[in-house]
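Have a look at the structure below before the remarks.
The values are calculated or read from the model by the stated rules, or taken from the named source; none is laboratory data. It should be emphasised that the depicted structure is a prediction, and the values quoted were computed from it without experimental measurement. We place every Cβ from the backbone using ideal geometry, glycine too, and count neighbours over all the protein chains shown.
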């Protein structure tokens, strides 16, 4: 099995939630597999530790039946489970020193995890972390689903899909297989130049995993070719955020009061504060 070239721990994680709205839905299950530079692995929950097999979270809101039909977790299953606030401090410490990896994690799992931490008053920063999205690597090289990818890369059937630990274990195995399979594979970039996108280096794979240069998790703001934060939605799409805030200050209040994720609002406040200091 390939040994990952790590300078710091890499935490593979998967979430099951009440839905897919990052701003309003909540976590109902968490699973984390943390790989250390020396090859040691820690899991939460730990299947060998004698505790519960699943790390369930009470979302403090109803789980829609259509969502329960996907991951199998119902209101009755989480009624006695801890809330996210109950576990936030320990989870934050477990992830504090780690880069993050998952399947579709950059678009969903990382943003919703950050939202949950912010609700508890904990700022979960991604600055300095490598964020590796195994799905983005997969789609870049093969363009298939996790179940198909597990069979394609590992030769196995994913029998317990949508159970968080089964998904995260499969994601970890797929990632190791990707490192081995593509270590010498070259592809063409958009300019026709050959390069090797998949190498055993977490910072490089962080770059490969980024589809866009997002400022916030959901890409409401992105960096343009000059590294300037610009709007990526609505009537101001493509315009520098600072320009819009100067010319239309009411837009700032509209966004802060709107149905945007907490992290998007945090980024907007940070830009506004930076502008104030520069005056």
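Every residue, every condition in (1) closer than 25 Å to residue 266 by Cα; (2) touching a residue at least 40 places away in the same chain (Cβ under 8 Å), yes or no:
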residue	(1), (2)
16	yes, yes
28	yes, yes
36	no, no
45	no, yes
56	no, no
61	yes, yes
68	no, no
Region 164-188, subset touching a strand residue (DSSP E or B) at 6+ places or on another chain (Cβ under 8 Å) and farther than 15 Å from residue 135 by Cβ, residue surrounded by the most Cβ atoms within 10 Å (Cβ to Cβ) = 164
In the set 157, 225, 191, the lone residue that is closer than 30 Å to residue 271 by Cβ, without any contact (Cβ under 8 Å) to a residue 12 or more places away in the chain and exposed (fewer than 15 other Cβ atoms within 10 Å of the Cβ) is 225
Say whether the condition of being out of contact with any strand residue (DSSP E or B) (no Cβ under 8 Å at 6 or more places or on another chain) and either within 15 Å of residue 106 (Cα to Cα) or part of a strand (DSSP E or B) (or both) is met by at least one residue in region 243-255.
-> no
Among the residues of region 231-242 satisfying the criterion of being in a helix (DSSP H, G or I) and out of contact with any helix residue (DSSP H, G or I) (no Cβ under 7 Å at 6 or more places or on another chain), which is surrounded by the fewest Cβ atoms within 10 Å (Cβ to Cβ)?
-> 235
Considering residues of region 7-48 that are assigned to a loop (DSSP other than H, G, I, E, B) and in contact with a strand residue (DSSP E or B) (Cβ under 7 Å, 6 or more places away or on another chain) only, the residue surrounded by the fewest Cβ atoms within 10 Å (Cβ to Cβ) | 8
Quick one: which residue in 189, 167, 159 is in the same structural domain as residue 98 (by TED's automatic domain parsing) and at pLDDT 90 or above?
-> 167
Looking at (1) surrounded by 13 or more Cβ atoms within 10 Å (Cβ to Cβ); (2) modelled with pLDDT of 90 or more; (3) over 30 Å from residue 73 (Cα atoms), which is the only condition residue 214 fails?
-> (2)
Any chance region 74-93 includes a residue that's under 26 Å from residue 148 (Cβ atoms) and either part of a helix (DSSP H, G or I) or in contact (Cβ under 8 Å) with a residue 12 or more places away in the chain (or both)?
-> no
Residues being over 30 Å from residue 37 (Cβ atoms) and in contact with a strand residue (DSSP E or B) (Cβ under 9 Å, 6 or more places away or on another chain) - total across region 76-104 | 8
Taking residue 267 and the conditions (1) at pLDDT 90 or above; (2) farther than 24 Å from residue 20 by Cα; (3) surrounded by 13 or more Cβ atoms within 10 Å (Cβ to Cβ); (4) out of contact with any helix residue (DSSP H, G or I) (no Cβ under 8 Å at 6 or more places or on another chain), which numbered condition does it fall short on, given that it satisfies the others?
-> (2)
Do the conditions hold for residue 120, that is, is it without any contact (Cβ under 8 Å) to a residue 40 or more places away in the chain, over 19 Å from the mean Cα position of the chain (by Cα) and in the same structural domain as residue 15 (by TED's automatic domain parsing)?
-> no
Residue tally, condition buried (at least 18 other Cβ atoms within 10 Å of the Cβ) and in a helix (DSSP H, G or I), over region 49-67 = 1
